1. Given 0.36 nm per residue, what is the gain on full extension from Ile94 to Arg51 after removing their alpha carbon distance, in nm?
2. Would you work out which of Gln53, Ile99, Pro112 lies farthest towards the positive end of the dipole of the chain, given +1 charges on the beta-carbon of Lys and Arg and -1 on that of Asp and Glu, about the Cα centre?
3. With charges set only on the Cβ (+1 for Lys and Arg, -1 for Asp and Glu), what does the dipole of the chain come to about its Cα centre, in debye to the nearest 20?
4. Does segment 1-117 classify as rounded, prolate or oblate by the C-alpha gyration tensor (a ≥ b ≥ c root eigenvalues; a/c under 1.5 gives rounded; else a/b over b/c gives prolate, otherwise oblate)?
5. Based on the Cβ-Cβ distance of Val8 and Glu101, what FRET efficiency does E = 1/(1 + (r/R0)^6) give at R0 = 25 Å, to the nearest 0.05?
6. Which residue fluctuates the most in the chain, going by a Gaussian network model with Cα springs under 10 Å, if the choices are Asn47, Asn23, Asn83?
7. About its Cα centre, how strong a charge dipole does segment 8-76 have in debye, to the nearest 20, once Lys and Arg get +1 and Asp and Glu get -1 at the Cβ?
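Where a number appears in this text, it was derived from the coordinates with a stated rule and is not lab data. Please read these numbers as outputs of a predicted model, since none were measured by experiment. Note: ideal-geometry Cβ built from the backbone for every residue, glycine included; neighbour counts use all protein chains shown.
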Amino acid sequence: MDIYFPLVGAAANRNIQLKLFANEGGLPGRVLAQGAEVSLGQPEGLNVFSRFQLSNTVLVSDTFFIGYQQQGDDRIAVGFDKNTDNFDQVYINIDGSWIQEETLQGSLMLSPVFNFPFNVTSRPEAPAL
């Protein structure tokens, strides 16, 4: 996953665990994969994404959700893009229930990164003219 975590507020206790969730009725469901706990350092620059990897490979063929679980009580800010509105796809789970965020318009700066499980070993011949 590529995520932009700006340094906002206290820098202490900025630990997360990445998660990949199954789609269960249009909401994040069971955890398909998760990463090790990661300590967030200083961002490399304004709007610069950091790449994080899950601990195992997961094959997906349907809708899925990506996210992170915050470790600790301090709020951790995630980058926000006001140019594209995808907040109808953002869900928050604070007390065991997923709820849709309805107050903001924009997109979280959080994106899946795909690694295709095949190699191209030959190139098709160019058609004869």
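1. Values: separation 43, 0.36 × 43 = 15.48 nm, distance 2.47 nm.
Here the answer is 13.0 nm.
2. So the residue furthest toward the plus end is Gln53.
3. On the way: 7 positive and 14 negative charges, 75 e Å.
My answer is approximately 360 debye.
4. Details: a/c = 1.37, a/b = 1.19, b/c = 1.15.
It comes out rounded by the Cα gyration axes.
5. Working: r = 18 Å, r/R0 = 0.71.
Efficiency, rounded to the nearest 0.05: 0.90.
6. Of the options given, Asn83 has the highest mean-square fluctuation.
7. Details: 5 positive and 6 negative charges, 10 e Å.
So the dipole magnitude of segment 8-76 works out to roughly 40 debye.
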